[in-house]
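The structure appears right after this line, and notes come after that.
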């Protein structure tokens, strides 16, 4: 039977920057959006060759402009400061592509830097997804599943081009959301860029502190590891993001500083009621976040698995659960040391399912503990 699904009209796709994000988009485009040809360009020839060998792309190009020629859609997946020049190069290709977009996590500076000709063929994009590992070897086609995918129009691009990009993003499995560039940058400053700043500051504070003859960094628990998971991530990339969005980020940092000063005052006054109220408010917002992500906090259980520091240990855990068709809503890994191993923390919906997971993992030889997510680690 013929495939009667609608199609975005993207048959030839150009990906500029074939790392984990660009590679994942290329794979998703092939598997889900029925793209016929994916052409890749990367400033790193080795990354480009790897992408070709893995089937992430079909063809390689010697420049961004060469990749963009004849393309229905060009997606630029490079550090934010490089994006405007690459957009200009791509729209100048002959023949020009139908549309150019990007994946940069800041939008205002990128869009303000474009020429009128580039603005007519450009729509800004930013998918709210990612992974801890970088490089095309870690690309995966399901990366965009249910992810919010922000789109920022210049006001100059034709509406039909926006419709094409929107349909393409839906085919990838993501949710396109139109947003003003300035609003996008303020939002990202709060929910994306600020956590990286705080993680860096916390890690630097602990790393430089010796208390009672002990290095603070050697005495941390799960909460600290959770909060600092992104500390030190990709310094060149995050330097550029911080500086490109410096005005919005500085504004958010000032607001957080004021909130911290307010909490200091509560502690100095020993105001038990207000301290408890602050914690309760945070708990309410956390619950709202989980509900928005379709994770019901009242039925979310934490299964902590002690795993040895051995190759394949995490795979054994996940394969055991996968064979039993047990879904893991989220997970984190806390490495203790080489002799002890670490704790793989799995979040699973429902007490019965969580207990079943624990039983299976114990039978597989793993020490396991189960707790309701409302119970404290420390």
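Computed from the coordinates by the stated procedures, all read-outs in this text should not be read as laboratory data. Computed from a predicted structure; not experimentally measured. Cβ: placed from backbone, ideal geometry, glycine included. Neighbour counts: every protein chain shown.
What does DSSP give for region 12-179 in terms of the percent of beta bridges that are antiparallel, rounded to the nearest 5? Antiparallel bridges: around 20 percent, rounded to the nearest 5. Helix 272-292 and the longest principal axis of the Cα set of the chain meet at an angle near 40°. The antiparallel fraction among DSSP beta bridges confined to the chain stands at about 55%.
Would you mind checking the tilt of helix 20-31 against the longest principal axis of the Cα atoms of the chain, expressed as 0 to 90 degrees and rounded to 10? With both axes taken from Cα atoms, the answer is about 60 degrees. Against the empirical curve 2.2 N^0.38 Å, the C-alpha radius of gyration of region 12-179 lands at a ratio of 0.91.
Starting from the Cα-Cα distance between residue 44 and residue 131, subtract it from 0.36 nm times their residue separation and give me the gain in nm to one decimal.
29.3 nm
Could you run the Debye sum over the Cα atoms of region 38-100, one equal point scatterer each and no solvent, and tell me log10 of I(q)/I(0) at q = 0.12, 0.13, 0.15, 0.29 Å⁻¹, two decimals? Debye output, listed in q order: -0.26, -0.31, -0.41, -1.27. In the chain, the DSSP-assigned H stretches of four residues or longer account for a calculated mean residue ellipticity at 222 nm of -13000 deg cm²/dmol, using -39500 (n - 2.57) per stretch and the full residue count as denominator. When percent of Cα pairs over 33 Å apart is calculated directly from the model, which label among [x] 29; [y] 36; [z] 41 fits? Only one option fits the structure, namely [z]. FRET efficiency for the pair residue 364 and residue 36, taken as 1/(1 + (r/R0)^6) with r the Cβ-Cβ distance and R0 = 30 Å, rounds to 0.10.
In nm², what is the average projected area of the convex hull enclosing the Cα atoms of region 100-220?
With the hull built on Cα positions only, its mean projection is 10.0 nm².
Gain on full extension, evaluated as 0.36 nm per residue between residue 170 and residue 339 minus their Cα-Cα distance, stands at 56.2 nm.
Principal semi-axes of the equivalent ellipsoid, √(5λ) from the alpha carbon gyration tensor of region 54-137, are 20, 18, 10 Å from largest down. Summarising the overall dimensions of region 156-298 from its C-alpha atoms, the Rg and Dmax are 19.8, 65 angstrom.
The C-alpha radius of gyration of region 297-372, expressed as a fraction of 2.2 N^0.38 Å, stands at 1.02.
Subtracting the Cα-Cα distance from 0.36 nm times the residue separation, let me have the gained length for residue 280 to residue 53 in nm, one decimal.
76.5 nm
Between residue 270 and residue 219, the modelled labels are 2.4 nm apart [label points 7 Å from Cα along Cα→Cβ]. Of the residues 21, 103, 203, the one that moves most in a GNM of the chain with alpha-carbon contacts below 10 Å is 203.
Based on the mean of other Cβ atoms within 10 Å per residue, sort peptides 209-219, 321-331 so the most packed one is first.
Those peptides, ordered most packed to least, come out 321-331, 209-219.
Using only Cα atoms, find the angle between the long axis of helix 235-244 and the longest principal axis of the chain, and express it within 0 to 90 degrees, rounded to the nearest 10. Taking the Cα atoms of the chain, the angle to 235-244 is about 70 degrees.
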